[in-house]
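The values are calculated or read from the model by the stated rules, or taken from the named source; none is laboratory data. Source: prediction; values computed, not measured. FYI the Cβ positions are ideal-geometry reconstructions off the backbone, even for glycines, and counts take in every protein chain you see. SASA here: full protein model, heavy atoms, side chains in, ligands and nucleic acids out. Shrake-Rupley method; radii C 1.70, N 1.55, O 1.52, S 1.80 Å.
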Amino acid sequence: MKKVQDSTNHGPRVINVGTAHGLMETPPSEKSKINNPPQGPIHEKLALVPAKPGVYLMRDGAGHIIYIGKAKALRARLGSYFKSGSHDAKVTAMLERVRDFDYFITKTENDALGLEANLVKKHQPHYNILLKDSKTFPYIKVTDGDWPYLEVTRKLTKGGKYFGPYFNGIWASELLDTLLDIFPLRTCSKVEFAKKTPCINHQIGRCLAPCAKRVTREECLKIIDDVKSFLRGEREFGAREKLQSKMENAAALEQFEIAIRYRNGMNFLDKLRDRTITHVARDLNADVFSYAIRGDVFVVSVLSVRAGKLIGIQNFSEQHAGVQSEEDMLSGFVMQYYQQNVVPEQIVAEFPMTEVAVALGCTIFNPKVALKRQLLDMAKTNADEYIDTSIEKIKFREQFTVGAVDELGTVLGLTHPPKKIECYDISHTDGTDMVASMVVFINGVAEKKLYRRFKIKHGMGNNDFLSMQEVITRRLARIGTPDISFGIAPDLIVIDGGKGQLSSVMDVAGNSEINFIALAKENEEIFKPGESTPLVLSKRSYSLRLLQRVRDEAHRFANTFHRNLRAKRTIPGLK
């Protein structure tokens, strides 16, 4: 990680420099470097830009990153923006906001592709195609080690083998239950395994108790190989027939609950079989990407095929600025997508995307005929049908997020829209278990990974003013640190309260150039420092609705933390 001192008042920028692989954040070779030329007119800085591959960051007058791009030759790409007047209206609109730029030099163009994806994910620039509405779907993980086991997880880490994702009615937990009735394997944690005592799963035939050495390591590894083969679609191992036999035996013994479980497993296998795509190989594991564009709306449809079965279809919609080519937009989307999903054996897409294939370490097909073309056509049809419903959805989302941020900056008289908003609230019961919350919204959207909680330390009892002063003092002291939540200063801090709470905070804010306001819940009045008359916005105002969402989220987060602390203190044995 390298630090770049920001030229604005927002503290140092901390940027992770990634390798060509979009899933990694390790530094590239020592020859790769970041450059932040001296401040000055843009045309003077252009003269310092080398003709090497890299990534560039466009900044507005407030120092915010508004666009991130990659280039085979940085000088040529940046020069095309600032030296040419032949741009369409969308690119021109972006350039009107640009006041500065930074750039990274990378060893290869593939390195630039991976770095671009990492930085876009980190900074969420307004003019990039962003994977905003992605969900994290569950996988089945086969762990590494001498005694591997199966687990359902949404978190992707190094090691192990992942199968999935599973969604659209094919649930990972249901699949795991069915697998255990076919392949008796452990699902216990390392702590439970270390007890060396067979559990109830062994008693009901769903585990061979490797913890108690009732199965050899070789036998266990053989079953693991069979599970992998089954999940890859290579063999079925008579799975349905095994469950049928177990169900009949359980019913004969009048073990009806167990019989129902086996019947449910058979139904699940039938549901999987119904998803089989008849014209593709049974062991095909691929993601298929197609897209549609209408006006400034960009839609990507992703078909997930696992073991020759259509697991599901995801549609993603986004407003775009027309800065990139269609191939670059789709390439950037794919790189972002695989920062939070496992790369399958094959990718089928509208473009060859050679650089993406190298970066991800897989094969990307751009078929013109045959079976994979049919899958691509299916994805294209989905994208075309989805785009009509996306247009209004995107406009509505933009009004409630970025549009609300722009409006809020205007009504508060700020020099620039408050891209990063933090809100603070205090929670306690008569002065006990006093805590505070910090929630963070970026471009009008909650960034929960940046949330933080505080335990109040002043020891002066029920004093909300003093508590808020302590929290703000602790927060401001950490501006400029490497912490992802505290390092970069917010554009706006919102205090849950009225004029008194705001005045107490301003006593400790010092000469901070951060904007502060307070939002009083009773009449939704907005108080600004040094102004006695509150600002009252229309109840239908998007900016007021944004402030209400931020304030309510801070209140919820603080109360949840307080209740948890109180429960730990009052309920014996709770940790």
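Largest to smallest in accessible area, the residues 224, 293 fall in the order 293, 224 (1.4 Å probe, all protein chains included).
Please give the net charge around residue 236, taking every other residue with its beta carbon less than 13 angstrom from that of residue 236, where Lys and Arg add +1 and Asp and Glu add -1.
Every neighbour counted, the sum reads +2.
Once you reduce the stretch 105-169 and the stretch 367-398 to the center of their Cα atoms, the two points are 22 Å from each other.
Write out the GluC sites (Glu not before Pro) in the stretch 243-327 meeting two conditions: DSSP loop, and at most 13 other Cβ atoms within 10 Å of their Cβ. Walk me through the numbers on the way to the answer.
Numbers: sites: 248, 254, 257, 318, 326, 327; in loops: 254.
Sites meeting the loop and neighbour criteria: 254.
Using amide H atoms built 1.01 Å from N in the peptide plane, name the residues 5+ places from residue 149, or on other chains, whose amide H lies under 5 Å from its own. For residue 149, whose amide H was placed from the backbone, the distant partners under 5 Å are 143. Whole-Hz Karplus values for the stretch 530-537 come out as x, 10, 7, 8, x, 9, 10, 9 Hz, taken residue by residue from phi with 6.51 cos²θ - 1.76 cosθ + 1.60 and θ = phi - 60°; glycine and proline positions read x. Between residue 460 and residue 235, the contour length at 0.36 nm per residue exceeds the Cα-Cα span by 74.2 nm. In this rough spin-label picture, where each label sits 7 Å from Cα along the Cβ direction, the residue 326-residue 507 distance is 6.3 nm.
Given a 1.4 Å probe, how much area per residue of the stretch 133-248 is accessible, in Å²? The partial results should precede the final answer.
Working: 6030 Å² over 116 residues.
Accessible area per residue, the stretch 133-248: 52 Å².
Report summary: the helix-based calculation at 222 nm, which adds -39500 (n - 2.57) for every DSSP H run with n ≥ 4 and divides by the residues of the chain, gives -12000 deg cm²/dmol. In sequence order, the stretch 220-229 has phi-based couplings of 5, 5, 5, 5, 4, 4, 5, 4, 4, 4 Hz under the Karplus curve 6.51 cos²θ - 1.76 cosθ + 1.60, θ = phi - 60°, and Gly or Pro positions carry x. Close amide H pairs (under 5 Å, H built 1.01 Å from N) link residue 488 with 480, residues at least 5 positions away or on another chain. Please label the shape of the stretch 198-243 as rounded, prolate or oblate, based on the square roots a ≥ b ≥ c of the eigenvalues of the alpha-carbon gyration tensor (a/c under 1.5 means rounded; beyond that, a/b larger than b/c means prolate, else oblate). Because a/c hits 1.5 or more and a/b fails to exceed b/c, the stretch 198-243 counts as oblate. The phi torsions of the stretch 113-123, fed into the Karplus equation with coefficients 6.51, -1.76 and 1.60 and a -60° offset, translate into couplings of 4, x, 5, 4, 4, 4, 6, 5, 4, 6, 9 Hz, rounded to whole numbers, with Gly and Pro shown as x. For residue 261, the accessible surface of its heavy atoms amounts to roughly 70 Å² (probe 1.4 Å, protein chains only, rounded to the nearest 10).
How much net charge surrounds residue 566 when only the other residues with a Cβ under 13 Å from the Cβ of residue 566 are counted, with Lys and Arg +1 and Asp and Glu -1? Before the final figure, lay out the partial values.
Details: positive: 455, 563, 568, 569; negative: 430, 433.
Around residue 566, the surrounding residues sum to +2.
Modelled spin labels at residue 228 and residue 173, positioned 7 Å past Cα toward Cβ, are 2.8 nm from each other. With the Cα gyration tensor of the stretch 176-224 giving a ≥ b ≥ c as the square roots of its eigenvalues, does the rule (a/c under 1.5 for rounded; else a/b larger than b/c for prolate; else oblate) give rounded, prolate or oblate? In terms of gyration-tensor shape, oblate. Can you tell me how the stretch 425-524 classifies by the Cα gyration tensor, rounded, prolate or oblate, using a/c under 1.5 as the rounded cut? The shape class here is rounded. Taking 0.36 nm per residue of separation and subtracting the current Cα-Cα distance, fully stretching the chain between residue 525 and residue 476 would add 15.1 nm.
Quick one: net charge around residue 289, please, counting Lys, Arg +1 and Asp, Glu -1 for every other residue with C-beta under 13 Å from its C-beta.
With Lys, Arg at +1 and Asp, Glu at -1, the neighbours total -3.
DSSP finds beta bridges in the stretch 344-454, and of those with both partners inside it, around 80 percent are antiparallel. Counting only heavy atoms of the protein chains and using a 1.4 Å probe, residue 410 has close to 110 Å² of accessible surface.
Accessible surface of residue 90, taken over heavy atoms with a 1.4 Å probe and every protein chain present, rounds to 80 Å².
Using DSSP, restrict attention to beta bridges with both residues in the chain and report what percent are antiparallel, rounded to the nearest 5.
Numbers: 65 of 81 bridges.
So the antiparallel bridges in the chain amount to around 80 percent.
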